[in-house]
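Structure first, commentary second.
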Amino acid sequence: MEEENKKQYEISFLLESEEDLKIIEEKINFFKGEILERGELKRINLAYPIAKRNEALFGFLKFLAEPAVINDLSKELRLEGRILRFLIVIDIFPKVSQTKEKKLPEKPKVSKVKEKPAVTPKVITNEELEKKLEEILS
């Protein structure tokens, strides 16, 4: 499979035990995926029971894979009973070092706009204001 067709994905998951992480890694490797980053597993309390469990291990993996194999990978992971939940998404913010650098066009330099001095309003007295009102109303 060509490296150019691969996209970077992130899978987030809830597991029963640390050993279950190997299942996910094996499945990704089986579908010719390349694991880029492993997130730390953290024990969390679930908001509601999942498979009669109130606690689970939460973690994530970032990996490269062909878009065509993601559905098959999802089907395989769904069949694993020890993986409580998982979600695979396209990583829209991949690290630059792990992807081909794309040279972005340079932004045009913006010249600074000179600020105009603030105009202070003319202060008028009450008498002048009353005269103006009389002129307008009469």
Can you list the HN-Hα couplings for the stretch 53-63, worked out from phi with the Karplus curve (6.51, -1.76, 1.60; θ = phi - 60°), rounded to whole Hz and with x for Gly and Pro? 10, 9, 10, 7, 9, 9, x, 8, 9, 10, 8
Quick calc of log₁₀ I(q)/I(0), the stretch 3-92, Debye, one scatterer on every Cα, no solvent, q values 0.11, 0.14, 0.22 1/Å, result -0.29, -0.47, -1.07
Give me the count of lysine pairs in the stretch 3-92 whose alpha carbons sit under 16 angstrom apart, restricted to pairs 8 or more positions apart or on different chains. 11
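Every read-out reported here was derived from the displayed coordinates using simple, explicitly stated rules and does not represent laboratory data. It should be emphasised that the depicted structure is a prediction, and the values quoted were computed from it without experimental measurement.
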